[in-house]
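What follows is a single structure, written as structure tokens, with notes after it.
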Amino acid sequence: MFLNPRCRGMNSLGMFCVRTLAVVGCRTATRARALCTSPGITVAQIDEEVAKLLELKAKIGGDEVKHQFVLKTAKGTRDYNPKQMAIREKVFNTIISCFKRHGAETIDTPVFELKETLTGKYGEDSKLIYDLKDQGGELLSLRYDLTVPFARYLAMNKITNIKRYHIAKVYRRDNPAMTRGRYREFYQCDFDIAGQYDAMIPDAECLKIVYEILSELDLGDFRIKVNDRRILDGMFAVCGVPDDKFRTICSTVDKLDKLPWEEVKKEMVNEKGLSEEAADQIGEYVSMQGGMDLAERLLQDPKMSQSKQACAGLSDIKLLFSYLQLFQVTDKVVFDLSLARGLDYYTGIIYEAVLTQAGVAPVCTEAQNGAPGEESVSVGSVAGGGRYDGLVGMFDPKGRKVPCVGVSIGIERVFSIMEQKAEASAEKVRTTEVQVMVASAQKNLMEEKLKLVSELWNAGIKAEVMYKKNPKLLSQLQHCEESGIPLVAILGEQELKDGVVKLRVVATRDEVDISRADLIAEIRRRTSEA
């Protein structure tokens, strides 16, 4: 480290001391050299001197020692490049178009809420809420979803009916698994219907919306699982689950999409204190899947028929399937008793859409044990929702309830699949929407190009021009091919004299002279046809 000849006489300990302290600075290294070459110096003395010097250096600072800055995004977050954003925008447009088709208007709410607004609404998932530091006497938390803020908004503004959508970021203090679309910061796309209406019509429309969006995005085969919290609670009651354990057992059942029944049962018995007999009875019911026929059969079940709330839920499931038949979506919907959805605010119908690898399992044909006759491998939930009739009343000073039902599209998981599909296909993704490039065939035409591009912008046409005075025509044409720009408006000295513009189709390389007065109309015609 030091090239001074005096260093050659140091022992290994002395040299180690000097090398260690060299990072602290020249002055401290000089002291270390003097110390380490003195006779009778002990290791303890050296350690003491090192500590003093490091403490001194920390106080005075300096450029020699700098924190190693790591250039990265925070854990559980990501950046999106222009190509990814183009795909993302396409997905958003599809979803928003569907929401608007069903008559929804949109709102927005703050990204953070009072902590007490969010507390107690998510059951065991409440531990995933991001709490913020006290600012100005308010305890705040980042929103966990868009549903609780929506309920708060309804109560604050005394709104009793609305059909709304809301697309915004939410936050989860979770262990991220980004390869599976699990983030700490992500978008949710929510559609909700609030108001007092005839049973199951709004609920059926929410399922129709999920069906339309997943079909239009062409993500592959999917299945929409449906259940009712009243059926679950009734099932728990007749199986011998104590009242105070309903919510915690419900959260355990919710893990059946990730864990085998044996693991779920073990958690119920060993961790939640449920009797093995009660767990086995629950196991018989949660293996059942079907359609309207299963609801009819369970209404005749000796145990389930003893629960009034289970019977009310089963009757609504029957009514729901009758509307779903009218909407022509029953081929993708299955009544699944294992579906629980752990959020505490659900009061009735709940549903979840999952993508399947091996096609959609038959949902109306049941094997002897009540399970579908063919296994279908789930590759993850992409939408979920349900009815939450009591949530608004939790915020209303007089406890007035506003019935609500809604659905949330898992946009990050959808986007991951769309991105993979784009990578696998040879189709080029356009990152801009430029319709025409204004180019020049000769030098010194920059002013004329700027005049023309300004005319196009003023007419609402998406156009661009190269930021060089005299670019080569070939370079301008290559830019169009690389960017997917379909048309080129070429100016030259002769074109300017004749009052025309040479319009070139990039794909076919066909060229035609168009009068300056007719150019805008011609570009509109060609781009609308494309």
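The values are calculated or read from the model by the stated rules, or taken from the named source; none is laboratory data. Since this is a predicted model, take the numbers as computed values, not measurements. Cβ sites come from the backbone with ideal geometry, for glycine too, and all protein chains shown count toward neighbours. Ligands, DNA and RNA are excluded from the accessible area calculation, which covers all protein heavy atoms including side chains. Shrake-Rupley method; radii C 1.70, N 1.55, O 1.52, S 1.80 Å.
Some observations on this one:
- Residue match in the stretch 184-196 (condition: over 16 Å from Tyr351 (Cβ atoms), more than 24 Å from the chain's Cα centre (by Cα), open to solvent by 20 Å² or more (accessible area, probe 1.4 Å) and among the hydroxyl-bearing types (Ser, Thr, Tyr)): no
- Unique match (being surrounded by fewer than 22 Cβ atoms within 10 Å (Cβ to Cβ) and of a type in the set (A, V, I, L, M, F, W, C)) among Leu274, Leu294, Leu217, Leu298: Leu217
- Among residues of the stretch 111-122 that are at pLDDT 85 or above, those with a beta-carbon under 7 Å from a residue that is outside any helix (DSSP H, G or I) and among the aromatic types (Phe, Trp, Tyr) at least six positions away or on a different chain give the pairs Leu118/Tyr144.
- Within the stretch 488-530, tally of residues that are assigned to a helix (DSSP H, G or I) and either among the charged types (D, E, K, R) or open to solvent by less than 50 Å² (accessible area, probe 1.4 Å) (or both): 15
- Applying a threshold of 9 Å to beta carbon distances and a minimum spacing of six or more residues, or different chains, the list of pairs starting in the stretch 437-450 at a residue that is under 13 Å from Arg504 (Cβ atoms) and ending at one that is assigned to a loop (DSSP other than H, G, I, E, B) and of a type outside the set (A, V, I, L, M, F, W, C) reads Ala439/Pro471; Ser440/Asn470; Ser440/Pro471; Ser440/Gly492; Ala441/Gly492.
- Which numbered condition Ser454 fails, given (1) part of a strand (DSSP E or B); (2) open to solvent by 20 Å² or more (accessible area, probe 1.4 Å): (1)
- Criterion: without any contact (Cβ under 8 Å) to a residue 12 or more places away in the chain and closer than 19 Å to Arg341 by Cβ - qualifying residue of Lys258, Lys225, Lys272: Lys258
- Of residues in the stretch 149-174 being surrounded by fewer than 22 Cβ atoms within 10 Å (Cβ to Cβ) and within 21 Å of Ser97 (Cα to Cα), the one farthest from the chain's Cα centre (by Cα): Ile162
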